[in-house]
Structures are given as structure tokens and as C-alpha cells.
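Before any comments, here is the structure.
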Amino acid sequence: MIGTVRLDLPARPEYLLLARLAVTGVCRAAGGSEEALADLKLAVTEAVANVARHAYPDQAGRVMVELTLAETRLDIAVIDDGKGFDPALDGQAMSSGEHESGMGLSIVSSLADTLSIEPGADGRGTCVRFGRSLSG
Amino acid sequence: MKDHIVLSLPSARAWDSVVGLVLGGLGTRLDLPFERLDELQLAVSTALDALQPGGEVTLEAGFDADELVVRVGPFAAPAATSVVSGHVLRALADSSRATAEGDREWLELTFALAESR
Amino acid sequence: MSLAPTMSQRELLVAYREGGEIQARDRLVEDMMPLVRSLAGRYANRGEPFEDLVQVGAIGLVKALDRFDLDRGVEISTYAVPTIVGEIRRHFRDRAWSVHVPRRLKELSLRLSRTLDELTADLGRSPTIAELAKAVGTDEEEVIDALESSKAYSARSLDAPFDGDGEDDLLSRLEDRELGYDALERGSVVRQGLAALDERERRIIVLRFLKGLSQSEIAAEVGISQMHVSRLLRRALETMRGQLDELDGIEESR
């Protein structure tokens, strides 16, 4: 199976459930292992919770969760349109785990095969991408 | 509408469970009674059955305290749904209508919420 | 009675249904295997061996031959198509259920079915997912997951009976006449669609959409679980859709 699922949600904690369920649907349909599913659910939880906590300090915002399935591999992008991060300043704090976001994202990094954090389109917001094989 | 979610995915049957699960999550957040949620899922599933495979389908769900409006499409116009599906959708949803957008159609299903509490 | 070598399909069917001639049925099935193979071919390359699909399709053909109303003007092959296709699709769902659904969800589905019916009776209304989750002692996400997985279940699954609902219930004993089925216009699209269903499925559709009973009312009235009613409804609608697509000449299906 190959295809992309896009889920656009309010960036609030109660909608995390929907993101996790979307990941569940894709993994099961693809015949992925329960272990891969558990890892990816946890990873998407951290990434989306991050957005809910930090991306929109002053107003309500939205988050886009993009699931790209390529047979036995699932890549997830969590994209927000809010307060971005400065790679120079926050980047270091992020990878060292000091920054609260960094904690969440270091969890993602341990669950996924790949992880990248970039500014969103037009330099606004943030795009966190991670992926994992669905077998084993 | 106070809030909304948008889901888009391939139109093939293999992806149906993604729609069911996301609607399940939404129904949970909206405190829908089980039977209402089941029929919401059945209505959307019935609507999706009218799609041809190979394309993409989008589902927009807008909601507030009083109602949930689900928009599904695009379908190739005219009348996306058969006579039978029309009967079924009108029985399952509080209202069901098709709106045209160019040569495509979108199906709009409305579910009242307040009374179900 | 011996079978003449040049009996038509209809003659063979009459010999089987009215004369009890199994040989006639066997010959008719053999005659119609190209149709079964052609339908199975539409579903090839989706992860299931072609010959399995053909075998399953043949079961559908036999069911259709058993159900076909000899008084109808419709071609036997036209009538048989949705039942054959229905069996093939069911096979995919069965395989998906037994292969992809984790054991814990299968067990949870069973508990949920009972809990749903109990809670509905206790509360006097349909419970929310939150209430269901609390009653079975798990979280909402698991409940939603289990409910969705159970949609893949059909009674022919390799696993043990899922919710204890047998086929011997009131649903089978209701008369079509009682349900107002005859009031439907002959030749109407709805009636054509209904003709493709087996008795139980047809009665469920009539109870829900013509009589307007809720799923919980139907469950209470005919003595099966609500989740079973839901599954029967889904299957019936899918089969009806298949029949009508067929009549419209729509070959490609999702």
C-alpha cells in the first residue's frame, strides 16, 4: 500500500486522540507490527503535544499531521504554522534535551529511524518529520 | 462552526478504517452516544462507497455544541449517490444534501448533537 | 429423472430447486464457473491467492442458486453476481480480521458487545464511548480501536464465534409479509437491491429503514446484540450497493 493521509486538527491536547487513531489505521491497514505501531503512536503524541504546548502561545492554532505510507515504511510529518524555533539558539538546547521540546523530540528520535526538524513553508512555523519501518 | 477537522486520504477501500477511527475519535470528543456514532460512521462509509478508486477523498467535519456537519467529496457529478444510498443517508443523518462545485459534487451530512445528550 | 445434455440454465435450476436434483445443480455451477473466475479476477493481486477467491466465489454462487426466486424475470447470472462478489469481499475481511487484528482487540470486542447491551438497558439510552470505556475498564482509544476492528469480523471467521449470536433467532422467523416488504414497488431500485440479500440481511434493512426502528430496538426485538445488528446492516448495504452497481454496469469497485 502506498499513499498519504493528511489530518488537520486544532492544536489542542484533546485532539491528540485523533492523530493517534489515524496512525493506528494506517499501520494496521499496511499490516505493520504492533511494536512499530506503539512506537509511532508515542512519537506522534510527543510531536503533536509539543505543538499544543509551544507553537501558539498567544492564540489558538492548528496542526497538520501527514502520514506517508510506502509499503513497509511510514513517515510522519507534524507541521504547525506558529511560533517557529531558531535553529541556532533552540537547536542546541533541543538536542541536549534541556529545552522541554527537546525532551519530547529526543523521545521521538529514539522511537524513529529518522528525525528532522525544519522551519515550515515560508519560514513560518515548524515541521517535524520522522519515520520508521513497519516490520518488527 | 466553533471548530473543525479535515481529513484527506486515498479513495481506495483499503484505507476505510482510517476514516472510521478518526470519526470514532471525533465522536468520543463530542460525547456522541454509541448508536449515533455508529450511524455517523455508517453514513460516511455509505457515502464513500460511491467513490471510484484511484483518487483522493476529503472529509471536513465542522462542529459546535448543537450540530456536526460532515462534508465529503469530491464525487463525479451528477448525483453521487444511488437511490438506495440516498434513502440510507436520509435515514442515518438529520439532513443530507449534495452541493456542486464545478463538475464535482460534495455531500453534506448534518447530525444534530444537543438532543442526544 | 435423468439430465438431458442440452438443458438450459433455467431448466437445470428448476430441476435442482423443484426436483431436488443435485446433479443439475452441479452442472449449473460448472456452467457458471467462468463467471465466478471472471469476478474473482477483479480481486486478484490484492494479496489473496486467485484459487482461494475462486473457491469462495463458488460458495457465493451456490448460495445464490439456493436463493434465486424462480418466478423472477431476471437472468440467473445477473442475480448471482452480487452474492459471488459479496463472498469474495467477505473473504478479504475475514483474512484481515484473523491476520491483522491483535488478540487483545478481539477479546475486547467480545466484552464490548455484551457491555454495550447491558449499559444500554441500564441507562435507558445509548452509552457514550467514555461510559463504555469506563465500564469495561480500558481507555477510549482502545474502545474505538476494538469497535473499528470488529467491523472486519464476519461470522465465517476462523476464530471462535465472536458474540455468541447464532442464526437461530427471531430474525430468521419473521415473515416478509409482516415487515411490509411486499409494499415496496415491484421493479423499484430499492426492491432490486433487496433481492440480492439473504433473508436475515433483508429483514434487518427493512426493520431499520422501512419500519424505522433504531439498532437497539432491532437488537432487543430479534434477540441479537447491537453490534451484530450493526454488522448485518453494513454487510447488507454493501451487498445492495454491489447489486446496483452491477445493474448499472459499473465494473470497477473500490
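Within the stretch A:16-40, restricting attention to residues that are under 19 Å from C:ARG104 (Cβ atoms) and in contact with an Asp or Glu (Cβ under 9 Å, 6 or more places away or on another chain), the residue that is farthest from the other protein chains (Cβ to nearest Cβ) is A:CYS27. Without any contact (Cβ under 8 Å) to a residue 24 or more places away in the chain and outside any strand (DSSP E or B), is that true of B:ASP31? When the stated conditions are applied, B:ASP31 does not pass them. If I ask for residues that are surrounded by fewer than 19 Cβ atoms within 10 Å (Cβ to Cβ) and either of a type in the set (Ser, Thr, Tyr) or in contact (Cβ under 8 Å) with a residue 12 or more places away in the chain (or both), which ones from the stretch C:26-46 would you list? Once the filter is applied, which keeps residues that are surrounded by fewer than 19 Cβ atoms within 10 Å (Cβ to Cβ) and either of a type in the set (Ser, Thr, Tyr) or in contact (Cβ under 8 Å) with a residue 12 or more places away in the chain (or both), the stretch C:26-46 yields C:ARG27, C:VAL29, C:ASP31, C:MET33, C:LEU35, C:ARG37, C:SER38, C:ARG42, C:ARG46.
Taking the stretch A:26-120 and the strands (runs of 3 or more DSSP E) fully enclosed by it, the elements with 2 or more residues that are at pLDDT 85 or above and of a type in the set (D, E, K, R) are at A:62-70, A:73-80. Inspect the stretch C:106-127 for any residue being at pLDDT 85 or above, closer than 27 Å to C:TYR43 by Cβ, out of contact with any Leu (no Cβ under 6 Å at 6 or more places or on another chain) and within 14 Å of chain B (Cβ to nearest Cβ) and give the result as yes or no. Yes, some residue in the stretch C:106-127 is at pLDDT 85 or above, closer than 27 Å to C:TYR43 by Cβ, out of contact with any Leu (no Cβ under 6 Å at 6 or more places or on another chain) and within 14 Å of chain B (Cβ to nearest Cβ).
What are the residues in the stretch A:1-15 that are under 14 Å from the mean Cα position of the chain (by Cα), facing another protein chain (nearest Cβ under 9 Å) and aliphatic (A, V, I, L, M), if any? Across the stretch A:1-15, the qualifying residues are A:VAL5, A:LEU7, A:LEU9.
When the residues of the stretch B:1-28 are narrowed to those that are farther than 20 Å from A:THR68 by Cα and part of a loop (DSSP other than H, G, I, E, B), which ends up nearest to the other protein chains (Cβ to nearest Cβ)? Here the residue is B:LYS2.
The values are calculated or read from the model by the stated rules, or taken from the named source; none is laboratory data. Just so we're clear, the structure is a prediction, and the values are computed from it rather than from any experiment. We place every Cβ from the backbone using ideal geometry, glycine too, and count neighbours over all the protein chains shown.
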